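Colleague: Handing you this structure, nothing more for now.
Only the coordinates and a few stated rules stand behind these numbers; no lab work does. These figures come from a predicted structure and were not determined experimentally. Cβ placement follows ideal geometry from the backbone for every residue including glycine, while neighbour counts extend to all protein chains displayed.
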Amino acid sequence: MSPVDFDSDDDKPLRAPNGGSNGHHHPNGNGHVPTQQRALSSMSDDEMPLATQDSSPLPATRTLKRKKPVYAESSSDDSEDDTPLAATPAKVAVAMPGAIQATTVPANGKGKAKSNVSKAAVSDDEYADSDAPKRKRAAKPKAKPPKKKVKQESSDDDDDKPLAAKKPSTSRKRKVKVESDVESDDEPIAKKAAAKKPRKVKSEETEKPPAKVKAEANGSATVKAEANGSPVKGKGKKKEKEKKEDEEQEEVFRWWDADAGDGSVKWQTLEHNGVIFPPPYESLPPNVKMKYNGKELDLPPASEEVAGFYAALIESDHAKDAKFNENFFNDWKTVLKKYPPLDNTKVTNFDLCDFRPMFEYFEAEKAKKKALSAAEKKELKKIKDDMEAKYTTCLLDGRKEKVGNFRVEPPGLFRGRGEHPKKGALKFRVRPEDISLNIGDNAPVPVPNIPGKWKEVIHDNTVTWLATWTENVNGNHKYVFLAAGSSLKGQSDMIKFEKARELKNHVDKIRQNYTQDLKSKVMADRQRATTMYFIDKLALRAGNEKGEDEADTVGCCSLRCEHVTLEAPNFIIFDFLGKDSIRYYNRVPVDAQVFKNIRIFKENKSDNDSLFDRVNTTGLNKHLQSEMKGLTAKVFRTFNASSTFQRLLDENTLENATLQEKLNAYNKANREVAILCNHRRTVPKTHEQSMEKVRDKQRGLKYDRMKLRHVLFKMDKKFRKKAEYQEDESDIDDEWIVSHEEDKMAKEIEKAEKKFAKENEKLTDDGKEAQDDSELKDRIANIKAEFKRLAKERGTGEAELTREKPAEKIEEAIQKLTEKIKASKLQIIDRDEGKEVALGTSKINYLDPRITAAWCKIHDVPVEKLFSKTLIVKFPWAMEVEEDWKF
DNA sequence: GAATATACTTAGAAGGGTCGAT
DNA sequence: ATCGACCCTTCTAAGTATATTC
C-alpha cells in the first residue's frame, strides 16, 4: 500500500490542509468540523488493556516547555548597565568607532521572569476554556504539581513510565546563555583555543596529504589563467569544454562517480577566506532626526542605529505587534542608557516616539537607488561583487566550491515567527571576536575585513562548517556552510534520498509492527505506535521539545491534548501550530484502533497536557533505528513526499498531452505533496485582483473566438453545423460584451491619439508640417463606426471583419484561440488552487530530483521548465538518471 | 538519564530581478 | 521601451538529530 492511502474511504493521501477558513483544506471532502465532539468519552473500552498498569493514567502534565530566558536574572530595576553581558560588546565599541556594538543590551532582561513561583500561582481556569481553539499555552508560567505523576511512575512497570521529561516540574530545556568569553582578548587565539576546546579536535594531527593538495590549491587559485587555456589543475577531467567562458562552471567534481568516503571525515584540506562583515554603521545626515514628544532627538550613532532598525519597520506588520514593540523598546532603552540623546532627553514612553523622519529618509534613499541608471546599478553591483568575490568560494580538498552564507548577519531586530516571546529584541552586531573559524591546519588564516581577531581557529575535518558564532537573542548557533550546490551538500542530499528509498524495503514490516503495537498493553509502546502511525500517514514532523523562550509550536511527539479532537466514528481533527507557527489543520479518518488510542491518551488529562506523555523524539528515533538502520522520523516525510510524487506523476501524465498539460500535471503532483507536507505561503494581497484580471483576459479571448465564428457563419451557413463551433462561451454574457467593447474602443482611441501625437512629433522633428487635427478626428470616427457595427452585430450570431480573410485562415485563427483559451483555463485553475501553497519547499527538500529528471526525459520536457538555475546546480548528481528510474 | 551542546536540514518572508504583455 | 506580475534568490529563523556533559 502506498504510504498515504490508508484511508480506505477514498484513497487520496491525507492531506494537511490549511487552516481554517478557506475551504480548500479538505481533500477528503466537505470537511467541516462537526459539531459534536468528544462523544466518545462514554464509550467503554473493552480492550483497554492498559488499565492494570496504568490505572492512573496520570497525565504527566506537560507544563510548558519553555526554556529559561537567557538573561532573565537581574530582576532588579534598571541596573542593566551592570549586567555582565553588556560589558562585552561595549568594550569593543571603544576600539571601533562607528561599529556600534553598543547594542549590548542583554536581550531584555528582567522582568518577565516567570518564576516558578508565579507559575504555581496560575489558576486552573486558565486552562478552562478548552474549547477555545486557540491553544494558548498561556500557562507558560504554570507548573502543575507533579501530582500523580510520581505515583504513576512507581506503579508503572519500568518500560512504561511517563517520560520524565514531560513531568511538569522538569519542564523544558533551556538554552544556555550566551557567554561573552572575549575576556582573553588578544591572545593568539588560534591554536590555543582549539586546544582548550574539547570538541572533536582530532583533526589536529591527522594524516593528510598536505603537500599535494596544497599545490593543487595554488593552481586553482589562478582560475583566470586556466580559463585562458592552460589548465593548471592536474585533474584531467577538464576537457576543452571551456569554450564559453564558463569559468565558474569549471569542472564539476563528479563526486557521485567517485568513491564514497567514510562519512565522518568531511575533508582533507580546506582553505577559505572567512566571512565578510557588514560595513560599520554610518550616522544619518544631521537633518534627519526622529522625534520624541514632538521634539527632535539628537542621538549618538549607537542609539540612532537601533532606532533606525525600528524606523525601517514602522509600516510593516511588525510595528503593529505589541510584543515586538515592547521588546524593541526595552532593548533600545538599554542602549539609550549608555548612549543617551545629546540633550539628555529621557525616553520613557514608546508612544511619544516618532520614527517617521528616519523612515522617510530610508525610503528616499531606496528610491534614489532605484532611480539610478542601469549602468550605474551595474557598476555598483560589480564593485560589490568584486569585494565579495574572494569570500564566495573556498578550496575543499583542492577543489573550488561555493560558500553559502559568507555574509555575517547584520545587526537588527529579531524577527521571530509567530508568537515568539523575543520578537523585536535587538540582535547585536557580530564581531570577529564572536566568530570561530574552521579551516585546514595548513591553510593561511584569513584576516577579518574589519578590525579584530577571530575568537578561535580550529581545524576539525569532521564537520563541514567554515565559521560559527552564537547569536545573542536566543543563544542559537549560527554557521557558515558551503552552498547547496557544493559536493558536501550534494552528497548528503543524495544519501538522504537513498535512505528514504531504502525505507521502501522496510516500510511494510514497520507498518505491520506498529499496527500490532497500537494494541500493546504497554502504554509507552502504544503511544509510540500511534505517533508512528501519524508520522507515516500524515508526514508529521517529529516534534522535539521546545524551550520556554520560543514560540509555542508542536510536532507529533509534542502534541498536546488540545491539538486533537475526536469526531465519531473515526475522525481526528488536528489543529495546531507547527514549524514557523504555520497552522496545521486536518480532519482525517483514522484506523479504529488509533481513534480509540487517542481517546485513551486524552483521558484524565487537561488540554495542555502532552498527548503522548511517554514518547519523545529521542526514544522514537531509537526505536526506528532498530527497525531500519539510519531511520529517523524525518525520513518518513521525505519518503512519503517522494513516493507520493512519483505515483502522482505516473498517474497523471498523459502521453500525448501538450507541454502545458504536462507541466500542469507536474505542478499538480508537486502541489499535492506540498499540501501533504503543509507547506504554505501567505496569499499575496493582490491575488484576487490578479485572478480577476486573468479571467477577464480569458473572456477577451473567448470573445474574439466568438466573433470569428460569427464571421464564418455569415460567410456560409454550413459552418453553423460544424460540431466544434457549437460550443457556447458560457461565461460571457451580453452585459460583459457591452462593457468589453466599450473598453476596447476606449483603448483603441487612446492608442490612435498616441500614435497621432507620435507621428506629428516625428514630422516636426524632421522639419515637416504636422498633420491636421482633422486627421485624428477621422481616425477616431472610423474607430467609432467600427464599434457601432460591432454593437449592431450583437445577438445576431453573425459578424464581419474589417479586412476580409479566407475561411481557412479564420478557422486556423479559431483553432489557435481555442488552444490559448484552454491553456489559460488550466493556468487559472492552477493559480487559484495554488494561491496558498508553496511548491518550492518540497521541490528543494523533499522530492527526489531524479524523479523529475527521469520524468523530463520520458516526456520530453526540458528540465529548465521545472528547475530554476539554482536547482539545476544543486542537483547535478540527479540529472543523469536513466529515464526509467523510479523512486 | 536529563540537560545541554553541536551540527546540519528545512522553512517562509522579503526583496530584487526578470520577463512577458502592451 | 515601460510596467508590473511573478519567479527566484537571499536571508535567517526554526526545525531535526545526536553527541556530550553533568
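Colleague: Hey, if you drop one equal point scatterer on each alpha-carbon of the range A:451-593 and run the Debye formula without solvent, what base-10 log of I(q)/I(0) do you get at q = 0.17 Å⁻¹?
Modeller: For the range A:451-593, the Cα-only Debye profile gives -1.14.
Colleague: Quick one: which residues, 5 or more positions from A:Ala542 or on another chain, have an amide H under 5 Å from its amide H? H modelled 1.01 Å from N in the peptide plane, none for Pro or chain starts.
Modeller: Amide H to amide H, under 5 Å and 5 or more residues apart or across chains, A:Ala542 pairs with A:Cys556.
Colleague: Please compute the Kirkwood hydrodynamic radius over the range A:403-480, one decimal place, Å, based on all pairs of different Cα atoms.
Modeller: For the range A:403-480, the Kirkwood estimate is 13.8 Å.
Colleague: Here's a follow-up. Check A:Tyr584: other-chain or 5+ apart residues with amide H under 5 Å from its amide H, H built from backbone geometry?
Modeller: Here A:Phe576, A:Leu577, A:Gly578 satisfy the definition.
Colleague: What Kirkwood Rh does the range A:505-660 have if only Cα atoms enter the pairwise 1/r average? Answer in Å. Can you show the working numbers first?
Modeller: Values: mean 1/r = 0.0601 Å⁻¹.
About 16.6 Å for the range A:505-660.
Colleague: Using amide H atoms built 1.01 Å from N in the peptide plane, name the residues 5+ places from A:Leu482, or on other chains, whose amide H lies under 5 Å from its own.
Modeller: Under 5 Å from the amide H of A:Leu482: A:Gly404.
Colleague: Another question about this same structure. Give the residue from A:Ala770, A:Ala723, A:Thr802 lying farthest towards the positive end of the charge dipole for the range A:721-821; charges sit on Cβ (+1 for Lys and Arg, -1 for Asp and Glu) and the dipole is referred to the Cα centre.
Modeller: A:Ala770
Colleague: How much net charge surrounds A:Lys368 when only the other residues with a Cβ under 12 Å from the Cβ of A:Lys368 are counted, with Lys and Arg +1 and Asp and Glu -1?
Modeller: Summing Lys and Arg as +1 and Asp and Glu as -1 gives +1.
Colleague: The range A:291-375: D in µm²/s via Stokes-Einstein (Kirkwood Rh, Cα pairs, 25 °C, 0.890 mPa s)?
Modeller: Estimated diffusion coefficient is 179 µm²/s.
Colleague: Can you work out the Karplus-derived ³J(HN,Hα) for every residue in the range A:523-532? Use 6.51 cos²θ - 1.76 cosθ + 1.60 with θ = phi - 60°, whole Hz, and x for glycine or proline.
Modeller: These are the phi-based 3J(HN,Hα) values: 3, 4, 5, 5, 5, 4, 4, 5, 5, 5 Hz.
Colleague: Can you give the local net charge around A:Pro446? Use residues other than it whose beta-carbon is closer than 10 angstrom to its beta-carbon, Lys and Arg +1, Asp and Glu -1.
Modeller: Result for the local shell: 0.
Colleague: What list of ³J(HN,Hα) couplings, whole Hz, do you get for the range A:796-806 from phi and the Karplus terms 6.51, -1.76, 1.60, once you set θ to phi - 60° and write x for glycine and proline?
Modeller: Here the 3J(HN,Hα) series is 7, x, 9, 7, 9, 9, 5, 10, 5, 9, x Hz.
Colleague: A 19 angstrom limit on the alpha carbon distance is what I want to check against. Which of A:Lys707/A:Lys788; A:Lys390/A:Lys869; A:Lys693/A:Lys822; A:Lys400/A:Lys874 exceed it?
Modeller: A:Lys390/A:Lys869
Colleague: Along the positive direction of the dipole of the range A:291-375 (beta-carbon charges: Lys, Arg +1; Asp, Glu -1; about the Cα centre), which of A:Asn349, A:His318, A:Leu299 reaches farthest?
Modeller: Among A:Asn349, A:His318, A:Leu299, the one farthest towards the positive end of the dipole of the range A:291-375 is A:Leu299.
Colleague: I'd like to compare A:653-659, A:704-710: which one has the highest average count of other Cβ atoms within 10 Å, and what's the full order after that?
Modeller: A:704-710, A:653-659
Colleague: Taking θ as phi - 60°, what are the ³J(HN,Hα) couplings along the range A:538-551 by the Karplus curve (6.51, -1.76, 1.60), each to the nearest whole Hz, with x for Gly and Pro?
Modeller: 9, 6, 6, 6, 4, x, 5, 5, 10, x, 5, 9, 10, 5
Colleague: From the gyration tensor of the Cα coordinates in the range A:740-862, what semi-axes in whole Å does the equivalent ellipsoid have, largest first, with each one equal to sqrt(5λ)?
Modeller: In descending order, the three semi-axes are 46, 24, 16 Å.
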